[in-house]
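Trainee: I have a structure I would like to understand better, so I am pasting it below and will then ask my questions one at a time.
The values are calculated or read from the model by the stated rules, or taken from the named source; none is laboratory data. All figures in this text were calculated on a predicted structure; none of them were measured in a lab. Every residue, glycine as well, gets a Cβ built from its backbone with ideal geometry; the counts of neighbours run over all protein chains shown. Surface areas here come from the heavy atoms of the whole protein model, side chains and all, with no ligands, DNA or RNA. Shrake-Rupley method; radii C 1.70, N 1.55, O 1.52, S 1.80 Å.
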Amino acid sequence: MSIKVCHMSSAHVNTDRRIFVTECAALAEAGYEVYLVACGKSREDKGVHVIGMTNRSLRRIERITQFTKAVYEKALELDCDVYHFHDPELLPYGMKLRRKGKKVIFDSHELYTAQIPEKPYLPKWILSILAKCYEIYENYVLKNIDGVIYPCLMQGVNPFQGKCKNVALVNNTPLLSEMFDKYNPDIKKYDRSVCYVGTLSYGRGITHLIKAVYKAGAVLYLGGKFSQDSYREEIENMPEYKCVRYQGILNRNAVVELLSHCMVGAASGLYLGQYGKCDNLATKAYEYMSLAIPLIVLKSDYVENLLREYPFGIMTDFSDIDATANVISYLINNPKDAEKMGQAGRRAVYERFNWDRDKENLLELYEKILCGTEFKKV
(Lines give C-alpha, C1' and ligand atoms only; values in the text may rest on other atoms or scores of the structure.)
Protein backbone atom coordinates (compact mmCIF):
# COMPACT_ATOMS: atom_id res chain seq x y z
CA MET A 1 0.00 0.00 0.00
CA SER A 2 1.47 3.37 -1.06
CA ILE A 3 1.95 6.25 1.38
CA LYS A 4 -0.54 9.09 0.92
CA VAL A 5 0.88 12.61 0.83
CA CYS A 6 -1.12 15.83 0.74
CA HIS A 7 0.36 19.21 -0.21
CA MET A 8 -1.70 22.19 0.96
CA SER A 9 -1.66 25.85 -0.02
CA SER A 10 -4.05 28.72 0.61
CA ALA A 11 -1.87 31.39 -1.04
CA HIS A 12 -0.57 29.67 -4.19
CA VAL A 13 -2.41 28.35 -7.24
CA ASN A 14 -2.29 24.61 -7.89
CA THR A 15 -0.04 25.06 -10.93
CA ASP A 16 2.69 26.68 -8.80
CA ARG A 17 6.12 25.75 -10.04
CA ARG A 18 7.76 24.86 -6.72
CA ILE A 19 4.73 23.08 -5.29
CA PHE A 20 3.29 21.24 -8.28
CA VAL A 21 5.85 21.12 -11.09
CA THR A 22 8.80 20.03 -8.96
CA GLU A 23 7.89 18.76 -5.49
CA CYS A 24 4.52 17.06 -6.04
CA ALA A 25 5.57 15.57 -9.38
CA ALA A 26 8.85 14.26 -7.89
CA LEU A 27 7.03 12.57 -5.01
CA ALA A 28 4.50 10.99 -7.38
CA GLU A 29 7.32 9.74 -9.60
CA ALA A 30 8.97 8.23 -6.51
CA GLY A 31 5.88 6.14 -5.81
CA TYR A 32 3.93 8.22 -3.30
CA GLU A 33 0.17 8.71 -3.70
CA VAL A 34 0.16 12.50 -3.97
CA TYR A 35 -2.69 14.98 -3.53
CA LEU A 36 -2.56 18.75 -3.87
CA VAL A 37 -5.23 21.00 -2.34
CA ALA A 38 -4.95 24.60 -3.58
CA CYS A 39 -6.70 27.26 -5.63
CA GLY A 40 -7.46 26.27 -9.23
CA LYS A 41 -9.15 23.55 -11.25
CA SER A 42 -9.26 19.89 -10.24
CA ARG A 43 -7.36 17.51 -12.49
CA GLU A 44 -5.10 14.48 -12.70
CA ASP A 45 -1.67 15.66 -13.84
CA LYS A 46 1.89 14.29 -13.62
CA GLY A 47 0.61 11.49 -11.40
CA VAL A 48 -0.79 14.03 -8.90
CA HIS A 49 -4.44 14.16 -7.75
CA VAL A 50 -5.11 17.90 -7.84
CA ILE A 51 -8.08 19.03 -5.75
CA GLY A 52 -9.13 22.46 -6.96
CA MET A 53 -10.39 25.15 -4.59
CA THR A 54 -11.83 28.63 -5.22
CA ASN A 55 -10.78 31.83 -3.45
CA ARG A 56 -10.83 34.41 -6.24
CA SER A 57 -13.45 36.67 -4.63
CA LEU A 58 -11.81 36.75 -1.21
CA ARG A 59 -9.85 39.68 0.16
CA ARG A 60 -6.56 39.05 1.99
CA ILE A 61 -8.09 38.86 5.48
CA GLU A 62 -10.88 36.57 4.24
CA ARG A 63 -8.34 34.31 2.59
CA ILE A 64 -6.33 34.03 5.79
CA THR A 65 -9.36 33.41 8.01
CA GLN A 66 -11.80 31.53 5.76
CA PHE A 67 -9.92 29.95 2.89
CA THR A 68 -7.23 28.43 5.08
CA LYS A 69 -9.92 26.56 7.01
CA ALA A 70 -11.53 25.34 3.78
CA VAL A 71 -8.16 24.06 2.50
CA TYR A 72 -7.50 22.31 5.82
CA GLU A 73 -10.92 20.66 5.93
CA LYS A 74 -10.64 19.41 2.34
CA ALA A 75 -7.13 18.10 3.00
CA LEU A 76 -8.25 16.37 6.21
CA GLU A 77 -10.98 14.52 4.29
CA LEU A 78 -8.26 12.79 2.26
CA ASP A 79 -6.85 11.14 5.42
CA CYS A 80 -3.24 11.18 4.25
CA ASP A 81 -0.15 9.99 6.08
CA VAL A 82 1.95 13.11 5.41
CA TYR A 83 0.76 16.72 5.19
CA HIS A 84 3.12 19.22 3.55
CA PHE A 85 1.93 22.84 3.73
CA HIS A 86 3.35 25.88 1.95
CA ASP A 87 2.04 29.02 3.66
CA PRO A 88 2.65 30.59 7.08
CA GLU A 89 -1.07 31.14 7.57
CA LEU A 90 -1.47 27.34 7.65
CA LEU A 91 0.82 26.93 10.68
CA PRO A 92 -2.13 26.51 13.13
CA TYR A 93 -3.57 23.78 10.93
CA GLY A 94 -0.20 22.08 10.80
CA MET A 95 -0.43 21.81 14.59
CA LYS A 96 -3.95 20.39 14.34
CA LEU A 97 -2.79 17.74 11.90
CA ARG A 98 0.15 16.82 14.11
CA ARG A 99 -2.21 16.33 17.07
CA LYS A 100 -4.19 13.93 14.90
CA GLY A 101 -1.07 11.81 14.53
CA LYS A 102 -0.12 12.91 11.02
CA LYS A 103 3.40 13.57 9.79
CA VAL A 104 3.64 17.31 9.09
CA ILE A 105 6.14 19.36 7.04
CA PHE A 106 6.30 23.15 6.65
CA ASP A 107 7.75 24.39 3.36
CA SER A 108 8.98 27.93 4.07
CA HIS A 109 9.27 29.50 0.61
CA GLU A 110 10.72 32.67 2.12
CA LEU A 111 12.20 33.82 5.40
CA TYR A 112 8.95 35.36 6.59
CA THR A 113 10.39 37.01 9.68
CA ALA A 114 12.46 39.18 7.31
CA GLN A 115 9.73 39.65 4.69
CA ILE A 116 6.78 40.64 6.91
CA PRO A 117 8.24 44.10 7.79
CA GLU A 118 8.45 44.89 4.05
CA LYS A 119 4.76 44.35 3.29
CA PRO A 120 3.16 47.50 1.81
CA TYR A 121 -0.31 47.31 3.32
CA LEU A 122 0.29 48.18 7.02
CA PRO A 123 2.38 50.75 8.96
CA LYS A 124 5.97 49.70 9.68
CA TRP A 125 5.56 49.64 13.46
CA ILE A 126 2.63 47.26 13.22
CA LEU A 127 4.53 45.02 10.79
CA SER A 128 7.52 44.89 13.15
CA ILE A 129 5.29 43.67 15.98
CA LEU A 130 3.63 41.15 13.67
CA ALA A 131 7.02 39.85 12.53
CA LYS A 132 8.13 39.24 16.14
CA CYS A 133 4.86 37.55 17.08
CA TYR A 134 5.07 35.43 13.96
CA GLU A 135 8.65 34.38 14.77
CA ILE A 136 7.64 33.24 18.26
CA TYR A 137 4.69 31.25 16.96
CA GLU A 138 6.61 29.74 14.04
CA ASN A 139 9.34 28.54 16.41
CA TYR A 140 6.70 26.93 18.63
CA VAL A 141 5.14 25.09 15.71
CA LEU A 142 8.46 23.95 14.27
CA LYS A 143 9.42 22.29 17.55
CA ASN A 144 6.24 20.23 17.40
CA ILE A 145 6.02 19.14 13.75
CA ASP A 146 8.17 16.67 11.82
CA GLY A 147 10.10 18.77 9.32
CA VAL A 148 10.80 22.12 7.72
CA ILE A 149 12.03 22.81 4.19
CA TYR A 150 13.71 26.06 3.14
CA PRO A 151 15.20 27.22 -0.19
CA CYS A 152 18.61 28.62 0.80
CA LEU A 153 21.10 29.60 3.44
CA MET A 154 21.07 33.24 4.57
CA GLN A 155 24.58 34.68 4.36
CA GLY A 156 25.99 31.25 5.08
CA VAL A 157 23.63 30.49 7.98
CA ASN A 158 20.80 27.94 8.10
CA PRO A 159 17.85 30.08 9.34
CA PHE A 160 16.12 27.00 10.81
CA GLN A 161 19.09 25.42 12.54
CA GLY A 162 17.99 23.92 15.85
CA LYS A 163 14.34 24.92 15.37
CA CYS A 164 12.99 21.62 14.03
CA LYS A 165 14.12 18.00 14.33
CA ASN A 166 14.24 17.52 10.55
CA VAL A 167 15.54 20.33 8.32
CA ALA A 168 16.22 20.20 4.56
CA LEU A 169 17.39 22.70 1.96
CA VAL A 170 15.43 22.39 -1.29
CA ASN A 171 16.40 25.10 -3.79
CA ASN A 172 14.05 26.57 -6.43
CA THR A 173 15.97 25.04 -9.32
CA PRO A 174 14.43 24.16 -12.71
CA LEU A 175 13.92 20.85 -14.42
CA LEU A 176 16.39 20.54 -17.28
CA SER A 177 13.46 19.66 -19.53
CA GLU A 178 11.73 22.98 -18.72
CA MET A 179 14.14 25.32 -20.50
CA PHE A 180 17.68 23.95 -20.68
CA ASP A 181 16.70 21.30 -23.24
CA LYS A 182 14.74 23.89 -25.27
CA TYR A 183 17.69 26.17 -25.92
CA ASN A 184 18.04 27.11 -29.59
CA PRO A 185 21.08 29.26 -30.44
CA ASP A 186 19.66 30.07 -33.88
CA ILE A 187 16.67 32.06 -32.61
CA LYS A 188 16.95 35.72 -33.58
CA LYS A 189 17.10 38.17 -30.67
CA TYR A 190 14.93 41.27 -30.33
CA ASP A 191 17.04 44.40 -30.80
CA ARG A 192 18.47 45.84 -27.55
CA SER A 193 16.16 43.66 -25.47
CA VAL A 194 16.10 43.11 -21.71
CA CYS A 195 13.66 40.72 -20.05
CA TYR A 196 12.15 40.21 -16.62
CA VAL A 197 9.54 37.54 -15.87
CA GLY A 198 8.16 37.18 -12.35
CA THR A 199 6.32 39.15 -9.68
CA LEU A 200 6.14 42.83 -10.60
CA SER A 201 6.56 45.00 -7.51
CA TYR A 202 8.62 47.88 -6.18
CA GLY A 203 10.61 45.55 -3.94
CA ARG A 204 11.58 43.43 -6.92
CA GLY A 205 13.26 46.50 -8.37
CA ILE A 206 10.86 47.03 -11.28
CA THR A 207 10.64 50.82 -10.93
CA HIS A 208 14.42 51.16 -10.98
CA LEU A 209 14.83 48.57 -13.73
CA ILE A 210 12.46 50.48 -16.03
CA LYS A 211 14.41 53.70 -15.48
CA ALA A 212 17.74 51.95 -16.12
CA VAL A 213 16.55 50.24 -19.31
CA TYR A 214 15.16 53.53 -20.59
CA LYS A 215 18.43 55.31 -19.80
CA ALA A 216 20.37 52.60 -21.67
CA GLY A 217 18.19 53.09 -24.76
CA ALA A 218 16.97 49.49 -24.56
CA VAL A 219 13.57 47.78 -24.56
CA LEU A 220 12.22 45.97 -21.48
CA TYR A 221 9.99 42.93 -21.98
CA LEU A 222 8.02 42.39 -18.78
CA GLY A 223 5.99 39.29 -17.97
CA GLY A 224 4.15 38.40 -14.78
CA LYS A 225 1.58 39.55 -12.27
CA PHE A 226 1.59 42.97 -10.65
CA SER A 227 1.68 42.91 -6.85
CA GLN A 228 -1.06 45.54 -6.75
CA ASP A 229 -3.24 47.31 -9.32
CA SER A 230 -2.10 50.63 -7.86
CA TYR A 231 1.53 49.73 -8.53
CA ARG A 232 0.74 48.93 -12.15
CA GLU A 233 -0.94 52.33 -12.55
CA GLU A 234 2.06 54.00 -10.92
CA ILE A 235 4.66 52.60 -13.30
CA GLU A 236 2.43 53.00 -16.37
CA ASN A 237 2.39 56.73 -15.60
CA MET A 238 6.19 56.94 -15.51
CA PRO A 239 7.64 58.72 -18.57
CA GLU A 240 10.22 55.91 -18.86
CA TYR A 241 7.44 53.33 -19.25
CA LYS A 242 7.54 53.95 -23.01
CA CYS A 243 10.46 51.46 -23.14
CA VAL A 244 8.29 48.65 -21.68
CA ARG A 245 6.54 45.92 -23.66
CA TYR A 246 4.27 44.25 -21.10
CA GLN A 247 3.48 40.65 -22.06
CA GLY A 248 0.92 39.80 -19.37
CA ILE A 249 0.89 36.63 -17.28
CA LEU A 250 2.65 33.93 -19.31
CA ASN A 251 2.40 30.15 -19.32
CA ARG A 252 5.60 28.10 -19.44
CA ASN A 253 5.73 27.80 -23.23
CA ALA A 254 5.23 31.55 -23.60
CA VAL A 255 8.01 32.21 -21.09
CA VAL A 256 10.42 30.06 -23.12
CA GLU A 257 9.36 31.83 -26.31
CA LEU A 258 9.87 35.31 -24.84
CA LEU A 259 13.17 34.62 -23.11
CA SER A 260 14.62 32.93 -26.19
CA HIS A 261 14.30 36.24 -28.07
CA CYS A 262 15.92 38.46 -25.41
CA MET A 263 19.54 39.55 -25.16
CA VAL A 264 19.80 40.24 -21.41
CA GLY A 265 17.97 38.90 -18.36
CA ALA A 266 17.39 40.96 -15.22
CA ALA A 267 17.15 39.23 -11.82
CA SER A 268 16.39 42.54 -10.17
CA GLY A 269 15.57 43.39 -6.58
CA LEU A 270 16.27 45.95 -3.91
CA TYR A 271 17.98 45.42 -0.56
CA LEU A 272 14.72 44.88 1.31
CA GLY A 273 13.92 42.04 3.71
CA GLN A 274 15.73 38.87 2.68
CA TYR A 275 16.81 40.14 -0.76
CA GLY A 276 20.55 40.42 -1.09
CA LYS A 277 21.01 38.08 1.89
CA CYS A 278 19.92 34.81 0.25
CA ASP A 279 22.60 32.31 -0.73
CA ASN A 280 20.85 31.34 -3.95
CA LEU A 281 19.53 32.91 -7.12
CA ALA A 282 15.95 33.69 -8.01
CA THR A 283 14.16 31.04 -10.08
CA LYS A 284 14.03 33.48 -12.98
CA ALA A 285 17.83 33.67 -12.92
CA TYR A 286 18.14 29.91 -13.41
CA GLU A 287 15.66 30.17 -16.28
CA TYR A 288 17.67 32.88 -18.03
CA MET A 289 20.85 30.87 -17.52
CA SER A 290 19.22 27.73 -18.96
CA LEU A 291 18.66 29.62 -22.21
CA ALA A 292 22.18 31.13 -22.31
CA ILE A 293 20.98 34.65 -21.43
CA PRO A 294 23.59 36.73 -19.56
CA LEU A 295 22.36 38.06 -16.22
CA ILE A 296 22.21 41.37 -14.46
CA VAL A 297 21.90 40.31 -10.83
CA LEU A 298 21.72 41.96 -7.42
CA LYS A 299 25.14 42.28 -5.85
CA SER A 300 25.90 40.07 -2.82
CA ASP A 301 28.82 38.13 -1.37
CA TYR A 302 27.20 34.87 -2.46
CA VAL A 303 26.82 35.99 -6.07
CA GLU A 304 30.33 37.43 -6.13
CA ASN A 305 31.79 34.07 -5.08
CA LEU A 306 29.57 32.16 -7.51
CA LEU A 307 30.63 34.35 -10.43
CA ARG A 308 34.25 33.35 -9.87
CA GLU A 309 33.30 29.76 -10.71
CA TYR A 310 30.58 30.47 -13.27
CA PRO A 311 30.92 33.99 -14.82
CA PHE A 312 27.30 34.10 -16.03
CA GLY A 313 26.66 37.83 -15.68
CA ILE A 314 27.37 41.12 -13.96
CA MET A 315 26.32 42.31 -10.49
CA THR A 316 24.75 45.67 -9.78
CA ASP A 317 22.89 47.59 -7.11
CA PHE A 318 19.54 48.11 -8.86
CA SER A 319 18.86 51.22 -6.78
CA ASP A 320 21.78 52.81 -8.68
CA ILE A 321 20.07 53.51 -11.99
CA ASP A 322 23.19 54.84 -13.74
CA ALA A 323 25.25 51.79 -12.80
CA THR A 324 22.52 49.39 -13.93
CA ALA A 325 22.10 51.28 -17.22
CA ASN A 326 25.84 50.96 -17.83
CA VAL A 327 25.71 47.19 -17.27
CA ILE A 328 22.80 46.87 -19.70
CA SER A 329 24.64 48.89 -22.33
CA TYR A 330 27.80 46.82 -21.89
CA LEU A 331 26.03 43.49 -22.35
CA ILE A 332 24.11 44.71 -25.39
CA ASN A 333 27.15 46.32 -27.02
CA ASN A 334 29.57 43.45 -26.35
CA PRO A 335 27.83 40.39 -27.78
CA LYS A 336 30.90 38.12 -27.61
CA ASP A 337 31.32 38.70 -23.88
CA ALA A 338 27.58 38.30 -23.39
CA GLU A 339 27.65 34.98 -25.25
CA LYS A 340 30.45 33.68 -23.01
CA MET A 341 28.42 34.64 -19.95
CA GLY A 342 25.36 32.90 -21.35
CA GLN A 343 27.27 29.67 -21.91
CA ALA A 344 28.74 29.87 -18.39
CA GLY A 345 25.19 30.12 -17.09
CA ARG A 346 24.14 27.00 -18.98
CA ARG A 347 27.11 25.15 -17.56
CA ALA A 348 26.14 26.23 -14.02
CA VAL A 349 22.58 24.97 -14.47
CA TYR A 350 23.70 21.66 -15.93
CA GLU A 351 26.38 20.99 -13.33
CA ARG A 352 24.83 22.44 -10.19
CA PHE A 353 21.49 24.25 -10.32
CA ASN A 354 18.88 21.78 -11.55
CA TRP A 355 16.02 19.85 -9.97
CA ASP A 356 17.60 16.44 -10.55
CA ARG A 357 20.07 17.40 -7.81
CA ASP A 358 17.73 19.19 -5.43
CA LYS A 359 14.92 16.63 -5.42
CA GLU A 360 17.19 14.15 -3.65
CA ASN A 361 17.04 16.29 -0.49
CA LEU A 362 13.24 16.31 -0.68
CA LEU A 363 12.99 12.55 -1.12
CA GLU A 364 15.53 11.83 1.59
CA LEU A 365 13.69 14.09 4.04
CA TYR A 366 10.47 12.13 3.45
CA GLU A 367 12.25 8.82 3.93
CA LYS A 368 13.80 9.95 7.21
CA ILE A 369 10.54 11.35 8.59
CA LEU A 370 8.61 8.21 7.69
CA CYS A 371 11.32 6.05 9.26
CA GLY A 372 11.28 8.16 12.42
CA THR A 373 14.93 9.21 12.28
CA GLU A 374 16.30 12.72 12.27
CA PHE A 375 17.45 14.40 9.06
CA LYS A 376 19.46 17.60 8.89
CA LYS A 377 21.00 18.43 5.53
CA VAL A 378 22.05 21.70 3.90
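Trainee: From the residues Asn237, Asn334, Ala25, which one has its Cα farthest along the dipole of the chain in the positive direction, the dipole being from +1 and -1 charges on Cβ of Lys/Arg and Asp/Glu about the Cα centre?
Mentor: The Cα lying farthest towards the positive end belongs to Asn237.
Trainee: Still on this structure: Along the charge dipole of segment 232-327, which of Ser319, Val297, Gly273 sits closest to the positive end, that is, farthest toward it, with unit charges on the beta carbon of Lys, Arg, Asp and Glu (+1, +1, -1, -1)?
Mentor: Val297
Trainee: Continuing with this model, one more query. Return one quarter of the surface area of the convex hull spanned by the alpha-carbon atoms of segment 234-377, equal to its mean projected area, in nm².
Mentor: Its average projected convex-hull area is 11.2 nm².
Trainee: Something else about it: Using the Karplus curve 6.51 cos²θ - 1.76 cosθ + 1.60 with θ = phi - 60°, work out ³J(HN,Hα) for each residue of segment 301-318 in order, rounded to whole Hz, and write x for Gly and Pro.
Mentor: Once θ is set to phi - 60°, the couplings for segment 301-318 become 4, 4, 5, 4, 5, 5, 5, 5, 8, 10, x, 8, x, 10, 7, 7, 9, 5 Hz.
Trainee: For helix 124-142, report the angle its Cα long axis makes with the longest principal axis of the Cα atoms of the chain; keep it between 0 and 90° and round to the nearest 10°.
Mentor: Orientation of helix 124-142: about 50 degrees from the principal axis.
Trainee: Where does the chain land at 222 nm, in deg cm²/dmol rounded to the nearest 500, when only DSSP H runs of n ≥ 4 count, each adding -39500 (n - 2.57), divided by all residues?
Mentor: Details: 13 runs with 138 residues, N = 378.
For the chain, the value works out to -11000 deg cm²/dmol.
Trainee: Just the number, please: carbon plus sulfur as a percent of the accessible area of the chain, 1.4 Å probe, no ligands or DNA/RNA counted.
Mentor: 50
Trainee: Let me ask something else. Treating the Cα atoms of segment 105-236 as identical point scatterers in vacuum, please give the log10 of the normalised Debye intensity I(q)/I(0) at q = 0.14 Å⁻¹, two decimals.
Mentor: So the normalised log intensities work out to -0.92.
Trainee: For the chain, find the longest principal axis of its Cα atoms and tell me its angle to the long axis of helix 68-77, 0 to 90°, nearest 10.
Mentor: Once rounded, one gets 50 degrees.
Trainee: For the chain, what does the accessible surface come to per residue with a 1.4 Å probe? Please give it in Å². It would help to have the intermediate numbers written out before the result.
Mentor: Details: 17080 Å² over 378 residues.
With all protein chains present, the chain gives 45 Å² per residue.
Trainee: Show me, for segment 168-174, the HN-Hα J-couplings you get by feeding each phi into the Karplus relation (A = 6.51, B = -1.76, C = 1.60, θ = phi - 60°), rounded to Hz, glycine and proline as x.
Mentor: 9, 8, 10, 6, 8, 8, x
Trainee: Cα axis of helix 321-333 to longest principal axis of the chain: angle in degrees, 0 to 90, nearest 10?
Mentor: 70
Trainee: Next question, about the same structure. For Tyr134 and Leu78 in the same chain, what is the full-extension length gain: residue separation times 0.36 nm, less their Cα-Cα distance, in nm?
Mentor: Working: separation 56, 0.36 × 56 = 20.16 nm, distance 2.88 nm.
Result: 17.3 nm gained on full extension.
Trainee: Based on Cβ point charges of +1 for Lys and Arg and -1 for Asp and Glu, what charge dipole magnitude is obtained for segment 227-360 about its Cα centre, in debye rounded to the nearest 20? Don't skip to the end; give the middle numbers.
Mentor: Details: 15 positive and 20 negative charges, 89 e Å.
Dipole magnitude for segment 227-360 comes out near 420 debye.
Trainee: Where does segment 61-160 land on Rg/Rh, using Cα atoms and the Kirkwood Rh? Can you show the working numbers first?
Mentor: Working: Rg = 14.3 Å, Rh = 14.6 Å.
Ratio value, two decimals: 0.98.
Trainee: OK, next. Give me the percent relative contact order of the chain, please, defined on Cα pairs under 8 angstrom at least 6 residues apart. Before the final figure, lay out the partial values.
Mentor: Working: 718 pairs, mean separation 57.0, N = 378.
15 percent.
Trainee: Then there's this: Normalise the Cα radius of gyration of segment 152-227 by 2.2 N^0.38 Å (N = residues in it) and let me know the number.
Mentor: Values: Rg = 18.1 Å, N = 76, 2.2 N^0.38 = 11.4 Å.
Compared with the compact-globule rule of thumb, segment 152-227 sits at 1.59.
Trainee: Report, in listed order, any pair from Lys96/Lys165; Lys102/Lys284; Lys96/Lys277 with a Cα-Cα distance greater than 28 Å. Please report the intermediate quantities before stating the final value.
Mentor: On the way: Lys96/Lys165 18 Å; Lys102/Lys284 35 Å; Lys96/Lys277 33 Å.
Table pairs above 28 Å Cα-Cα are Lys102/Lys284; Lys96/Lys277.
Trainee: Restricting attention to the alpha-carbon atoms of segment 125-186, what are Rg (one decimal) and Dmax (integer), both in Å?
Mentor: When restricted to the Cα atoms of segment 125-186, Rg and Dmax are 17.6, 54 Å.
Trainee: Mind putting together the pair-distance distribution for segment 1-105? All Cα pairs, 10 Å bins, whole percent per bin, short to long.
Mentor: 16, 53, 29, 3, 0
Trainee: So which residue, out of Pro123, Pro92, Pro174, gets the largest mean-square fluctuation from a GNM of the chain using Cα contacts under 10 Å as springs?
Mentor: Greatest mean-square fluctuation among the candidates belongs to Pro123.
Trainee: Run the dipole for segment 165-277 about the Cα centre, Lys and Arg Cβ at +1, Asp and Glu Cβ at -1, nothing else charged, and hand back the magnitude in debye, nearest 20. Walk me through the intermediate numbers first.
Mentor: Details: 14 positive and 10 negative charges, 50 e Å.
Magnitude of the dipole: close to 240 debye.
Trainee: Highest mean first, what order results for 260-273, 140-153, 231-244 on Cβ atoms within 10 Å? Let's see the in-between values first.
Mentor: Numbers: 260-273: 22.7, 140-153: 19.6, 231-244: 14.3.
In descending order of packing, they fall as 260-273, 140-153, 231-244.
Trainee: Tell me, rounded to the nearest percent, the portion of alpha carbon pairs in segment 1-40 spaced more than 13 Å apart. Write down the numbers at each step before the final one.
Mentor: Values: 357 of 780 pairs.
That fraction is 46 percent.
Trainee: Same structure, new question: Do any of Lys103/Lys132; Lys103/Lys124; Lys143/Lys299; Lys242/Lys299; Lys119/Lys189; Lys182/Lys359 go past 25 Å between their Cα atoms, and which? Show your work: numbers first, answer last.
Mentor: Values: Lys103/Lys132 27 Å; Lys103/Lys124 36 Å; Lys143/Lys299 35 Å; Lys242/Lys299 27 Å; Lys119/Lys189 37 Å; Lys182/Lys359 21 Å.
In this structure, Lys103/Lys132; Lys103/Lys124; Lys143/Lys299; Lys242/Lys299; Lys119/Lys189 exceed 25 Å between Cα atoms.
Trainee: Mind giving me the nanometre distance, one decimal, between the label points for Asn237 and Ala254, set 7 Å out from Cα along Cα→Cβ?
Mentor: Distance between label points: 2.7 nm.
Trainee: Follow-up question, since we're still on this one. What's the extension gain from Lys100 to Lys163 if we count 0.36 nm per residue and subtract their Cα-Cα distance?
Mentor: Values: separation 63, 0.36 × 63 = 22.68 nm, distance 2.15 nm.
Roughly 20.5 nm would be gained on extension.
Trainee: Something else: Hey, how much of the P(r) for the chain falls beyond 36 Å, as a percent of Cα pairs? Please report the intermediate quantities before stating the final value.
Mentor: Details: 16483 of 71253 pairs.
Roughly 23 percent, rounded to a whole number.
Trainee: Among 351-359, 282-290, how do they line up from the highest to the lowest mean number of other beta-carbon atoms within 10 Å?
Mentor: Details: 351-359: 17.4, 282-290: 25.6.
Sorting 351-359, 282-290 by mean packing, highest first, produces 282-290, 351-359.
Trainee: Sticking with this one: Calculated FRET efficiency, Ser177 and Asp337, Cβ-Cβ r, R0 35 Å, to nearest 0.05?
Mentor: Values: r = 29 Å, r/R0 = 0.83.
So, using R0 = 35 Å, E works out to roughly 0.75.
Trainee: For the chain, with only Lys/Arg (+1) and Asp/Glu (-1) charged at the beta-carbon, what is the dipole magnitude about the Cα centre, in debye rounded to 20? Don't skip to the answer; put the middle values down first.
Mentor: Details: 50 positive and 46 negative charges, 105 e Å.
For this selection, approximately 500 debye.
Trainee: Determine the principal axes of the Cα atoms in segment 184-223, then give the extent along each, sorted from largest to smallest and rounded to whole angstroms.
Mentor: Each principal axis gives a Cα extent; for segment 184-223 these are 35, 22, 10 Å.
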